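Asks: Could you have a look at this structure, given as structure tokens, before my questions?
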Amino acid sequence: MILKGLKEKSNKNYIDKCVKNRVMVSNSNIIKTVGFIVDDSEFLDLDWINKLSEVLKVKKENFEILALTNPKSKTESVYLNTFSRKDLGWKGNVKTETLKSFLNKKSDLLISYYISDKLPLVFATATSEAKFKVGLIEETNVNDLVIKTDINDTSTFENELVKYLRILNKL
């Protein structure tokens with residue numbers, strides 16, 4: 001139990017370091033690649049996520065979804081690429097190739113579509129190589145743009161996301 005707490009503390013320190021050292025580059029490049037992080041215990045609407053890729057005019061092969069799952073859950077996840085708390089090691093070390101490849105991909109946009117402040121989700125958002133990060137929670141300071149809405153109010157999120165990306169000349 002003590003080791004688990006120390007491991008989480010080391011990963012929180014790593015998140016703080018990533019947020020502090022992140023260099024925000026101001027550009028108006030059109031979005032071509034999108035990463036999407038979701039907690040499968042909070043949101044399971046895969047159809048809306050696929051529709052969002054069409055709204056953003058991003059090809060399906062350039063739209064990657066990563067979902068946090070609970071390994072103890074008896075139900076199968078609807079998402080293909082998944083990770084769990086066990087995939088995180090000490091001091092920001094990532095144990096699986098699925099998570100490593102997602103985090104190292106230099107996406108134009110990362111959408112963090114979760115409302116819980118779970119360490120693995122915040123870790124994935126903070127350590128991602130995405131150029132621009134959008135999310136629903138603001139407490140962690142890992143997102144560049146926060147759209148405060150209910151997680152099930154997908155139409156409001158979609159409308160606000162498109163509005164702000166147009167203002168920033170990214171669509």
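Asks: With the checklist (1) open to solvent by 20 Å² or more (accessible area, probe 1.4 Å); (2) touching a Ser or Thr at 6+ places or on another chain (Cβ under 8 Å); (3) over 19 Å from Asp45 (Cα atoms) in hand, flag the one item Glu160 doesn't pass.
Replies: That leaves (3) as the condition not met.
Asks: Ile49 - would you say it is under 15 Å from the mean Cα position of the chain (by Cα) and under 27 Å from Arg166 (Cα atoms)?
Replies: When the stated conditions are applied, Ile49 passes them.
Asks: Give the residue that is surrounded by the fewest Cβ atoms within 10 Å (Cβ to Cβ), with candidates limited to residues of the range 42-78 that are closer than 21 Å to Thr127 by Cα and either touching a helix residue (DSSP H, G or I) at 6+ places or on another chain (Cβ under 7 Å) or modelled with pLDDT of 85 or more (or both).
Replies: Checked the range 42-78; the qualifying residue surrounded by the fewest Cβ atoms within 10 Å (Cβ to Cβ) is Asn62.
Asks: Moving on to the next point. Determine which member of the set Leu136, Leu99, Leu171 is over 17 Å from the mean Cα position of the chain (by Cα) and in contact (Cβ under 8 Å) with a residue 24 or more places away in the chain.
Replies: Leu171
Asks: In addition: Regarding the range 28-48, can at least one residue be identified that is without any contact (Cβ under 8 Å) to a residue 60 or more places away in the chain and under 17 Å from Leu110 (Cβ atoms)?
Replies: no
Asks: What single numbered condition from (1) open to solvent by 70 Å² or more (accessible area, probe 1.4 Å); (2) polar (S, T, N, Q); (3) more than 16 Å from Leu110 (Cα to Cα) fails to hold for Ser10?
Replies: Result: Ser10 passes all but (1).
The values are calculated or read from the model by the stated rules, or taken from the named source; none is laboratory data. All figures in this text were calculated on a predicted structure; none of them were measured in a lab. Virtual Cβ from ideal backbone geometry, glycine too; neighbours counted across all protein chains shown. These accessible areas exclude ligands, DNA and RNA; they are computed on the full protein's heavy atoms, side chains included. Shrake-Rupley method; radii C 1.70, N 1.55, O 1.52, S 1.80 Å.
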